[in-house]
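Worksheet: one structure, shown below.
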Amino acid sequence: MITVTVGDRPPSSQPELQKALDTSIQQFQAANPNIKVVSKETSWNAQTFQALLAGGQMPTVMGVPFTEPASLIKNHQVADITAALKATGLDGELNQSVLSVAQSGGATYGVPTDVYSVGLAYNRALFKQAGLDPDRPPATWEQVRTYAAAIAKATHQAGYATYDQDHFGGWMTTAATYSFGGRLEDAAGTKATLAIPELKAYLNLVKTMRWTDTSMGSNFNYSAKPALQDFAAGKIGMILNLPQDYPAIVQNYKMDPDDYGFAALPQQTGTSVSLSGGIVQVFNPRASEAEIVAGLKWIKFNRFNQYSSQAAAVAAAQAATKDGALVGLPALTPLSQAKYQQYQEWIKPLANVPVANFAGYTAVADKQSIVPEPRGNAQYLYGQLDVVLQAVLTNKDADIDALLRTAEQNVDGRLGH
């Protein structure tokens with residue numbers, strides 16, 4: 001009997017999730033009688049992980065944010081699972097672009113799950129009113145500017161808008177900087193790099209759309225909820241967003257699903273790149289090969305079963321529709337595009353999402369390079385970028401260079417420099 005301890009058990013305040021997990025464990029153990037799964041509430045905490053590992057208390061497998069594998073691999077704090085992936089057949093089923101987050105030197109050290117990447121949400125109805133083809137969303141930032149001006153002129157709504165509150169503005173600005181080819185920290189995550197040409201170029205674009213083109217409307221104090229409400233109400237033509245926000249936009253804020261469009265993050269360079277996040281399942285470096293194989297079998301069963309079994313896929317989709325949930329929502333997948341497309345075909349008769357309206361996103365989802373969020377105090381960095389954005393949007397004479405130097409110094413102060 002092989003025992004596998006698994007972290008991230010839902011807390012007692014979520015009994016329905018605990019029950020669902022326990023049911024999955026029972027079903028898995030029935031199918032794999034030589035494996036025992038022990039669920040633990042241990043979850044990732046940067047401040048306590050070292051002690052957890054040193055004390056031998058790290059579970060066999062647990063989730064860590066996308067920002068962490070690089071340093072964990074470098075410090076030999078997670079297991080090399082390359083051979084075990086091949087033994088379970090998972091190596092050929094995973095999205096190689098996403099898997100790169102957990103790889104180094106030709107070896108693999110984790111399995112990504114719960115993945116997202118930033119794209120461009122747009123209003124197809126406003127596109128039509130502006131004489132734009134909603135099936136050909138902008139692929140470059142120059143096109144975003146052109147489209148935004150056309151939308152503003154034809155509809156008197158904001159052609160393009162951005163958050164600038166509650167760290168959401170900084171988050172999406174970081175994604176935009178990636179698409180310009182820039183990064184906001186050094187490789188170790190210990191030094192901020194905000195005063196860079198790539199970030200300045202994006203901010204200058206925003207400044208031009210705001211003050212020269214006047215294509216960004218009149219609201220420059222957007223946090224997440226108000227921005228999504230205005231987008232759903234047809235007051236915003238384009239905004240950086242996640243496909244996972246679609247349910248709130250159409251179910252809570254009542255946007256007509258046919259008016260919703262979602263495209264890949266616009267690019268400034270020839271390389272398609274996006275900010276991505278999610279969870280990587282990593283293994284205790286002391287785990288045996290047999291324990292790693294058992295843990296991978298559990299991940300495959302618990303996380304990916306519906307993508308490997310038509311019956312499981314249909315059953316899950318039927319249960320979701322019965323509960324009033326959305327089915328068929330496209331998103332960046334940790335699995336290969338072939339597996340994901342097969343899954344989408346299985347559930348196509350039950351889909352209640354306009355999948356074709358996401359074509360601009362899904363066309364590149366498995367090809368784009370993905371970059372995790374900054375490792376070093378990301379939320380503080382985002383807050384500093386909010387301040388910069390607010391200045392650019394409300395002061396025509398804002399000195400972007402000075403703003404970025406100040407923001408960089410402030411972030412470095414938090415990083416110990």
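The values are calculated or read from the model by the stated rules, or taken from the named source; none is laboratory data. Just so we're clear, the structure is a prediction, and the values are computed from it rather than from any experiment. Because the Cβ atoms are built from the backbone with ideal geometry, glycine has one as well, and the counts that use them run over all protein chains shown. For the accessible areas, the whole protein counts, side chains as well, though only heavy atoms, and no ligand, DNA or RNA atoms are used. Shrake-Rupley method; radii C 1.70, N 1.55, O 1.52, S 1.80 Å.
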Filter result (in contact (Cβ under 8 Å) with a residue 24 or more places away in the chain, out of contact with any helix residue (DSSP H, G or I) (no Cβ under 7 Å at 6 or more places or on another chain) and open to solvent by 50 Å² or more (accessible area, probe 1.4 Å)) within segment 245-254: Q251
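Have a look at K36, K19 and point out the one that is in a strand (DSSP E or B) and not hydrophobic (A, V, I, L, M, F, W, C).
Numbers: K19 fails: in a strand (DSSP E or B).
The conditions single out K36.
So which of A311, A294, A287 is without any contact (Cβ under 8 Å) to a residue 12 or more places away in the chain, farther than 28 Å from K367 by Cα and either not in a loop (DSSP other than H, G, I, E, B) or not basic (K, R) (or both)?
Working: A294 fails: without any contact (Cβ under 8 Å) to a residue 12 or more places away in the chain; A287 fails: without any contact (Cβ under 8 Å) to a residue 12 or more places away in the chain.
Going through A311, A294, A287 in turn, the sole match is A311.
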Residues of segment 255-282 that turn out to be touching a residue at least 60 places away in the same chain (Cβ under 8 Å), outside any strand (DSSP E or B) and not hydrophobic (A, V, I, L, M, F, W, C), as a count: 9
Selection count where residues are open to solvent by less than 50 Å² (accessible area, probe 1.4 Å), part of a helix (DSSP H, G or I) and within 25 Å of V273 (Cα to Cα), scope segment 211-244: 5
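Going by the conditions given, is G189 at pLDDT 95 or above, outside any helix (DSSP H, G or I), small (G, A, S) and in contact with a Pro (Cβ under 8 Å, 6 or more places away or on another chain)? Break it down into steps so the answer makes sense when it comes.
Values: at pLDDT 95 or above: no; outside any helix (DSSP H, G or I): yes; small (G, A, S): yes; in contact with a Pro (Cβ under 8 Å, 6 or more places away or on another chain): yes.
Taking the combined requirement at face value, the residue does not satisfy it.
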Flag if D397 is open to solvent by 60 Å² or more (accessible area, probe 1.4 Å) and out of contact with any helix residue (DSSP H, G or I) (no Cβ under 9 Å at 6 or more places or on another chain): yes
Positions within segment 76-88 being free of Cβ contacts under 8 Å to residues at least 40 places away in the same chain and either part of a loop (DSSP other than H, G, I, E, B) or under 16 Å from K339 (Cα atoms) (or both), in sequence order: D80
Candidate set from segment 354-378 (those that are farther than 13 Å from L265 by Cβ and aliphatic (A, V, I, L, M)); member that is nearest to the chain's Cα centre (by Cα): A378
Matching residues in segment 327-340 - criterion: being at pLDDT 90 or above and open to solvent by 40 Å² or more (accessible area, probe 1.4 Å): L329
Residue list for segment 119-170, restricted to those being β-branched (V, I, T) and either surrounded by fewer than 24 Cβ atoms within 10 Å (Cβ to Cβ) or more than 22 Å from V250 (Cα to Cα) (or both): T140, V144, T146, T155
Number of the exception - S104 against (1) surrounded by fewer than 18 Cβ atoms within 10 Å (Cβ to Cβ); (2) out of contact with any Lys or Arg (no Cβ under 9 Å at 6 or more places or on another chain); (3) touching a residue at least 12 places away in the same chain (Cβ under 8 Å); (4) among the hydroxyl-bearing types (S, T, Y): (2)
Residue under evaluation P349, criteria (1) more than 22 Å from K86 (Cα to Cα); (2) surrounded by 14 or more Cβ atoms within 10 Å (Cβ to Cβ), criterion not met: (2)
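Yes/no matrix, rows are residues, columns are (1) open to solvent by less than 50 Å² (accessible area, probe 1.4 Å); (2) under 30 Å from S97 (Cβ atoms); (3) more than 25 Å from the chain's Cα centre (by Cα):
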| residue | (1), (2), (3) |
| --- | --- |
| P33 | no, no, yes |
| V37 | yes, yes, yes |
| W44 | no, yes, no |
| V61 | yes, yes, no |
Some residue of segment 258-270 being open to solvent by less than 60 Å² (accessible area, probe 1.4 Å) and in contact with a Lys or Arg (Cβ under 6 Å, 6 or more places away or on another chain): yes
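Okay, residues lined up against (1) under 30 Å from G376 (Cα atoms); (2) in contact with a Leu (Cβ under 6 Å, 6 or more places away or on another chain); (3) without any contact (Cβ under 8 Å) to a residue 60 or more places away in the chain; (4) charged (D, E, K, R):
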residue: M1; (1), (2), (3), (4): no, no, yes, no
residue: T5; (1), (2), (3), (4): yes, no, yes, no
residue: R9; (1), (2), (3), (4): yes, no, yes, yes
residue: Q14; (1), (2), (3), (4): no, no, yes, no
residue: K19; (1), (2), (3), (4): no, no, yes, yes
residue: D22; (1), (2), (3), (4): no, no, yes, yes
residue: A31; (1), (2), (3), (4): no, no, no, no
residue: V38; (1), (2), (3), (4): no, no, yes, no
residue: E41; (1), (2), (3), (4): yes, no, yes, yes
